[in-house]
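Right, one structure below, let's go through it.
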Amino acid sequence: MKKALEIALGIVTSVGGFLEIGSITTAAQGGASFRFQLIWAILLGGLCLIFLVEQSGRLAAVSRHTITDAIRERFGFNYFIFLLIILSLVILLVLGAEIGGVCVALEFITGVGFQWWAVPVALLIWLIIWKGTFSFIEDGASILGLVTVCFLVAAIVLHPPWKEVAHGALPTLPASDKAHYWFIVVSILGASISPYLMFFYSSGAVEDKWDESYINANRAISVLGMSFGTVLSVAVLIVSALVYLPRGIQVEHYSQLPLMLIDAFGYWGFILFAASLGIACLGATLEITLEIAYMVAQGFGWNWSENQRPREEARFSLVYTVIIILGALLVVVGIDPLKLTIFSMALTAATLPVAIVPFLFLMNDEAYMHEHRNGFLSNAVVIFIIGMTFVLAVVTIPLEIFGGG
Amino acid sequence: MPVMLNETERSCAKNIRLRLLLLILLASLAACSSQSPADKLHKELRTVVSWAATSRMVGEALQNGKVLQGYAARTFEAAGRNLQEESRTIDKSADIPAEERAGAQAQIARLEQIVGQLKSMVEGKDNAALSQQVEQLKVEEQSLKSSLRGDSSQP
Amino acid sequence: MELIRDCLDKQLIDRNGRKMGKADGLVMLIEEGKRPRVAFIEVGGVTQARRLHTRLAKLVASLSKRFKVDESDPYRIPWSKVVVSGIDVTVNVDAEETPALAWEKWLRKNVIGKIPGA
């Protein structure tokens, strides 16, 4: 019974915590530019994420080690540093985008420019991590994040042509703007398959003290949670297709985003969008900040746990403080949050191989996985993802130049 | 020593081959990216239409109390800025015929004016005259859209 | 036992179950006529830095001395106190009493501990 409740909570937190500025923005751009044609990209990203997250959870449950722990232990200190530097740089950009998302949501409500909110928001994030425990943060942010279900409601209320929507689940080629089309595909995949999501999931599993008895729970949570979350992303695309495309509005500036829910909900649509964006991004900033700090702490072997008092993990506390400051800095200097989002999502896609290649080895390592090593299907999917991400890594830069709008 | 010379020669040849490859790659990429002047104008005008439509949607929403004043003001400001940016981009594109350039810039200037008015009205909390401006926006927007449609039907 | 695979970079856990870093280095004892064996596990920033570049190691060592964090040479754990079990390495010491936590303690005292709510 207790396990069933945990599974339910796990699914709920996965759904509530799924959307953030990357998935919202890329889905909005996809819908506004290509109607329902890009639904397949979101589904593909979601499917890959399901497999990766399930495996991260399994690794943590069986070995009681996180992905970062295992990468250092199995591949050595030098590879860990290489991974840390590359992932941290990219994830830091994503953090800047998410903090920007919270600030932009506050700008929508108050009319005060997003840059002014960077410092107060950073302080809020810091306070929550300083004082909060892991479950408080994770569960709290995700339950509040359920407000994002409003996108699904909006998609239904707007009566899309469901047959056309279903067609969008299959890949089709665009009639024009090919570079732009593929650029959005790359950003959608980068937004869906964020390395920090996998890493954070394994850290969370260890924080929650999962063991081998959680293998089935893990499967349920990862599959159902990520699936429902993916449905929300698709909903954002559908809404955008119905709201922006007929009017000829290209989603190129963050101020165009809140208009998305007005057709469906009027004034409350505007408010709901701001609330959804703000809460979803706040949740993401907490996860990202913690995950970078976890990567550092786990790789160096420090004591780490969100559930301990800061004085008991002084180095860990220092690291996340510095991370928040750096992330906030990106917003304070006025980098456009939308542009930062799209850029960081594409860059994420390009750097995925660095994390996923070692991950494949770990999932087949008997010392870590015992008898729960990857089966043929899981390995096949990861190999496919590696292949796909290498292609993404190569095409991202040219596409950014020619298709980035 | 013969062995070392061969290695130097080999790496030298490799360097040259690599540079040649890079050059070909860059040239082909440049070739792919070069749009016709008509395409370029079309692309910029789509952005202009996008901002016109955004401003109209915000204006109409504001009239019906569906968005907050602060947000509307900032969006009109962003629209104005981006329209200016588009005007500058079109101005710099020497390969677009001067006549078309001038026509586009005139349309953008009119839009800029309307959006500017909307911004001051919102800041001054003068919502009464909004509808007139929003109507004008609609007119400009429709004319731009039909000219875009006309363009795309031409060879 | 394959030393690199089973020992190097593995998580060290002290006698109280507390994490105390990873095995950053191994110090081998090579004697005439005998097989080389591990004498110590080395832990610390200097050892880590040395794996990247020797100059980096010197920088870390001088920082450590400058801030009076840890004046000693890299912390070495005698092999006799080590038990390798699966993917972890248990060490029969108390982490708080070793220099492994030198930076942790310094930060606790001088920075983090001074912020309210710590």
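Laboratory data are not the source of any read-out in this text; all were calculated from the coordinates shown. This structure is a prediction, so every number in the text was calculated from the model and none was measured. Using ideal geometry, Cβ is built from the backbone for each residue, glycine included, and neighbour counts are taken over all protein chains shown.
Observations
- For the stretch A:209-240, chymotrypsin sites (Phe, Trp or Tyr not before Pro) are listed when DSSP marks them as loop and at most 10 other Cβ atoms sit within 10 Å of their Cβ; the list is empty.
- Among A:39-51, A:251-263, A:360-372, sorting by the average number of other beta carbon atoms lying within 10 angstrom of each residue, highest first, gives A:251-263, A:39-51, A:360-372.
- Karplus (6.51, -1.76, 1.60) ³J(HN,Hα), θ = phi - 60°, over the stretch A:112-122, in Hz, Gly and Pro reported as x: 8, x, 4, 4, 5, 8, 4, 5, x, 5, 4
- Shielding by partners - mean other protein chain Cβ count within 10 Å, residues of A:243-251: 5
- Distances between placed amide hydrogens fall under 5 Å for residue C:26 paired with C:42, all partners being 5 or more residues away or on another chain.
- Note on the stretch A:156-215 and the stretch B:96-113: Cα centroid distance 41 Å, given to the nearest whole angstrom.
- Amide hydrogen neighbours beyond the local backbone of residue B:67, cut-off 5 Å, H modeled: B:62
- Stretch gain in nm, segment residue B:120-residue B:81, where the contour uses 0.36 nm per residue and the Cα spacing is subtracted: 12.6 nm
- Under 5 Å from the amide H of residue C:38 lie the amide H atoms of C:29, each residue being 5 or more positions distant or on a separate chain, with H modelled from the backbone and absent for Pro and chain starts.
- Relative to its residue count, the stretch A:22-123 spans a Cα convex hull of 159 Å³ per residue.
- Here the peptides A:161-174, A:129-142, A:315-328, A:277-290 are ranked by packing, the mean other Cβ count within 10 Å, and the order with the highest first is A:277-290, A:315-328, A:129-142, A:161-174.
- Helix-derived mean residue ellipticity, 222 nm - over chain C, DSSP H n ≥ 4, -39500 (n - 2.57), to 500: -8000 deg cm²/dmol
- Loop trypsin sites (Lys or Arg not before Pro), the stretch B:55-155, which have at most 13 other Cβ atoms in a 10 Å radius of their Cβ (DSSP): B:125
- Angle in degrees between helix A:267-300 and the longest Cα principal axis of chain A, rounded to the nearest 10: 30 degrees
- The HN-Hα couplings worked out from phi for the stretch A:389-402 by the Karplus form 6.51 cos²θ - 1.76 cosθ + 1.60 (θ = phi - 60°) are 6, 5, 4, 4, 4, 6, 8, 4, 5, x, 5, 4, 6, 9 Hz, whole numbers, x standing for Gly and Pro.
- Proximal lysines to residue A:163, defined as alpha-carbon separation beneath 19 angstrom and excluding residues fewer than eight positions away on the same chain: none
- Note on chain A: GNM, Cα springs under 10 Å; of A:385, A:128, A:356, the largest mean-square fluctuation is that of A:128.
- From the C-alpha gyration tensor of the protein assembly as shown, square roots of 5λ in Å: 50, 29, 24
- Convex hull volume per residue for the stretch C:1-66, taking Cα atoms only, in Å³: 126 Å³
- Using alpha carbons only, the radius of gyration of the stretch B:69-143 set against its Kirkwood radius gives Rg/Rh = 1.05.
- Charge tally for residue B:116 (other residues, Cβ to Cβ under 12 Å; Lys, Arg +1; Asp, Glu -1): 0.
- Summed residue charge, Cβ within 12 Å of residue B:105's Cβ, Lys/Arg positive, Asp/Glu negative: -2
- The distance separating the Cα centre of the stretch A:329-347 from that of the stretch A:59-115 comes to 14 Å.
- Here residue C:114 is the anchor, and the aspartates and glutamates within straight C-alpha reach of less than 15 Å, apart from those fewer than 8 places off in the same chain, are A:312, A:313, C:104.
- Taking a Cβ cut-off of under 14 Å around residue A:341, the surrounding Lys, Arg, Asp and Glu residues balance to a net charge of -4, with basic ones at +1 and acidic ones at -1.
- Helical content alone sets the calculated 222 nm signal of chain A at -25500 deg cm²/dmol, taking -39,500 (n - 2.57) per DSSP H segment of four or more residues and averaging over every residue.
- GNM top mover of C:34, C:65, C:22 - chain C, alpha-carbon springs below 10 Å: C:34
- Taking every residue in A:316-323 and counting other chain Cβ atoms within 10 Å of its Cβ, the average works out to 2.
- With a simple spin-label model that places each label point 7 Å from the Cα along the Cα-to-Cβ direction, the separation between residue A:361 and residue B:132 comes to 7.3 nm.
- Where both bridge residues fall in the protein assembly as shown, DSSP classifies roughly 85% of the beta bridges as antiparallel.
- Which listed pairs, of A:209/C:109; B:66/B:145; A:131/C:19; A:178/B:40; A:339/B:66; C:22/C:65, have C-alpha distances above 24 Å, in listed order: A:209/C:109; B:66/B:145; A:339/B:66
- The angle between the Cα long axis of helix A:67-110 and the longest principal axis of the Cα atoms of chain A comes to about 30 degrees, rounded to the nearest 10.
- Ranking of A:295, B:57 by neighbouring Cβ atoms within 10 Å, starting from the fewest: B:57, A:295.
- Rg/Rh ratio calculated on Cα atoms of the stretch A:106-195 (Kirkwood radius): 1.09
- Over all directions, the projected convex hull of the C-alpha atoms in the stretch A:2-403 averages 18.2 nm² in area.
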